[in-house]
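J.: Here it is, the structure in full.
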Amino acid sequence: MSVGATLRRVLTFYNEDASDAALNRVLDMVRLPAAVAGRYPTQLSGGQKQRVNLARALAARPRLVLCDEITAALDTVVAAAILDLMMELKRELGLSWLFVTHDLHALRSVCDHVAVLYAGHCVEFSTASAMNTPPHHPYTRKLENSVPEMQPGWLDGVIRQNGLKPGRTTPVPAHGCCYMPRCPIAVADCAQTLPPTWQAPSGARINCHLQASDLS
């Protein structure tokens, strides 16, 4: 199915105008030329495909768009361009974006608030600016350290630092902290009771038995 046919299908489903003018308007929103309507996915670059995905979502005139790993498989330059476009669309259309991603570094530049989830539980919630200031939950620190580095032994070092064992999964405990089985600094209370929520000096709300001085 061509790009144009895909977008017309969305426009029609939501009872929108599916004329050429409407189609071109949606493509223009994501900074794609009208000629892209006649192309197929195999004829598009990774960045163009992601822009078409955005156009397909915008064709429904949403107020909130859920973005699941939207920059995955894109190189750094293209990913940055996509995020810049999304911020422009936020201002122009009054949109809200909900990002699902493991890339905390990208979130800092585009989000207002960040919720860090592990096994379905929120372990830390803060403003994006507060993510630049420790302390953080142990799992948040793990995510920050998961960005690959171009140096020999990087992965082995991360595994040692975080107390991880490749290929081994452990169930979430029925009681206690959800992250306890993989936490390198867990204490006895972590296995017995749910962690309390406390506020760090940065304003972040952290769910952990350890205090700021232990996590800094």
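Readers should treat all values here as calculations from the given coordinates under stated rules, not as data from a laboratory. Here the structure is a predicted model, which means the values were calculated and not measured. Counting neighbours? That spans all protein chains shown, and the Cβs are built from the backbone with ideal geometry, glycine included.
J.: Where Rh is the Kirkwood radius over the Cα pairs of the chain, the temperature 25 °C and the viscosity 0.890 mPa s, what D in µm²/s does Stokes-Einstein return?
T.: The estimated diffusion coefficient comes to 123 µm²/s.
J.: Going by how many other Cβ atoms sit within 10 Å of their own, how do HIS105, HIS137, HIS121 line up, fewest first?
T.: Taking fewest neighbouring Cβ atoms as first place, the list is HIS105, HIS121, HIS137.
J.: Under a point spin-label approximation (7 Å from Cα along Cα-to-Cβ), what is the ASP20-GLN199 distance to one decimal in nm?
T.: The answer from the label model is 5.9 nm.
J.: Taking neighbour Cβ counts within 10 Å as the exposure measure, how do CYS177, CYS122 sort from fewest upward?
T.: Ordered by Cβ neighbours within 10 Å, fewest first: CYS122, CYS177.
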